[in-house]
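Here is the structure we will look at, set down as structure tokens.
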Amino acid sequence: MDIPDAATVLASGDDEAVLTALHDMLLFKSVNPPAPADLDAVAGVMDRGGRAAETALQVLYVAAVREGTLPAEREAAVGRVRAFLEGVRDDPEGRAAVRHAVGLLACMGDPLAIEQLAYDAPCFDGERVKKEDYIQPAMAAMLRRHDADLAALQASMGETRAAADIGEIREYGREPAAYEERMRLMQEDEVEVL
């Protein structure tokens with residue numbers, strides 16, 4: 001029996017086959033990591049929208065963040081991720097997808113990752129939109145590169161929770177290890193108090 005390659009299945013248009021192929025990519029990522037050409041096919045699935053697009057985004061995110069592998073046709077992938085993000089950015093149920101899109105765009109050096117942070121900043125409430133969406137290793141270099149822009153955004157927000165959250169995001173971007181150590185020590189102190 002001939003087993004079709006991932007690109008053929010992803011281009012097939014069969015929703016069930018596409019979702020199965022994407023899930024297999026997630027399950028077997030350590031045994032059979034996708035190549036950049038495979039990721040181009042995965043990025044093409046994002047045009048379909050819905051569950052397929054969300055799962056494709058997850059595959060792209062895992063490949064970029066955990067494996068350091070990006071699609072070969074990076075500009076096309078960035079365009080698709082941008083379009084997807086702009087479509088889900090206001091959906092309260094889509095925060096995991098926003099987090100994945102932001103991290104992926106940061107890995108690909110796209111400034112929409114920072115623009116999304118600025119878009120979300122007025123909504124930081126610790127429940128629906130959290131600073132933790134941006135405190136991730138994939139974002140660190142992008143946060144450092146745009147620290148002056150983030151400082152201006154923070155200053156424009158006055159003495160608000162959002163401004164404090166942006167300050168913490170900036171702190172993380174400047175020195176991720178120091179920030180994580182400070183958070184770990186704070187958690188240990190909280191445990192001792194209990």
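The values are calculated or read from the model by the stated rules, or taken from the named source; none is laboratory data. All figures in this text were calculated on a predicted structure; none of them were measured in a lab. So basically every Cβ, Gly included, is an ideal-geometry build from the backbone, and we count neighbours across all protein chains shown. Accessible surface is based on the protein model in full, side chains and every heavy atom, while ligands, DNA and RNA are left aside. Shrake-Rupley method; radii C 1.70, N 1.55, O 1.52, S 1.80 Å.
Once you order the gyration tensor axes a ≥ b ≥ c over the Cα atoms, which shape class does the stretch 108-159 get: rounded for a/c under 1.5, otherwise prolate or oblate by comparing a/b with b/c?
Verdict is oblate for the stretch 108-159.
For the stretch 1-109, with the dipole built from +1 on Lys and Arg beta-carbon atoms and -1 on Asp and Glu ones, taken about the Cα centre, which of L22, A101, A77 lies farthest toward the positive end?
Farthest towards the positive end: A101.
So, taking all protein chains as they sit and a 1.4 Å probe, how much accessible area belongs to D15, in Å² rounded to tens?
100 Å²
Just the number please: accessible area per residue for the stretch 120-172, 1.4 Å probe, all protein chains included, in Å².
47 Å²
Taking the simple approach of a point 7 Å from Cα along Cα-to-Cβ for both N32 and D125, what is their distance in nm?
Placing both labels 7 Å beyond Cα along the Cβ direction yields 4.4 nm.
Return the whole-Å distance between the Cα centroid of the stretch 126-142 and the Cα centroid of the stretch 150-178.
If we compute the Cα centre of each part, the gap is 11 Å.
Can you send over the solvent-accessible area of T55, 1.4 Å probe, protein chains only, in Å² to the nearest 10?
10 Å²
What whole-number value in Å² describes the accessible area per residue of the stretch 1-109 for a 1.4 Å probe?
Heavy-atom SASA per residue in the stretch 1-109 reads 51 Å².
Mind putting a number on the dipole of the chain about its Cα centre? Charges go on the C-beta only, +1 for Lys and Arg and -1 for Asp and Glu, and I need it in Debye to the nearest 20.
Computed charge dipole of the chain: roughly 340 debye.
Please work out which option in (i) 15.8, 46; (ii) 18.4, 65; (iii) 19.4, 64 gives Rg and Dmax of the Cα atoms in Å calculated from these coordinates, and answer with its label.
(ii)
Run the helix sum for the chain: -39,500 (n - 2.57) per DSSP H stretch of 4+ residues, divided by residue count, reported at 222 nm to the nearest 500 deg cm²/dmol.
After summing the helix terms and dividing by residue count, I get -20000 deg cm²/dmol.
With all protein chains present, how much of the accessible area of the chain (probe radius 1.4 Å) comes from carbon and sulfur, to the nearest whole percent?
Exposed carbon and sulfur together represent 51 percent of the surface.
Quote the relative contact order of the stretch 1-109 in percent (integer), defining contacts as alpha-carbon pairs under 8 Å separated by 6+ residues.
Normalised by residue count, the contact order of the stretch 1-109 is 24 percent.
Please give the FRET efficiency for A17 paired with E171, using the beta carbon to beta carbon distance and R0 = 41 Å, rounded to the nearest 0.05.
Efficiency, from the Cβ-Cβ distance: 0.35.
Based on the Cβ-Cβ distance of R82 and D147, what FRET efficiency does E = 1/(1 + (r/R0)^6) give at R0 = 25 Å, to the nearest 0.05?
So the FRET efficiency works out to roughly 0.65.
Mind pulling up the Rg/Rh value for the stretch 1-109? Radius of gyration and Kirkwood radius, both on Cα.
In the stretch 1-109, Rg relative to Rh is 0.94.
Ranked highest first by average number of other Cβ atoms within 10 Å, how do 132-139, 154-161 line up?
132-139, 154-161
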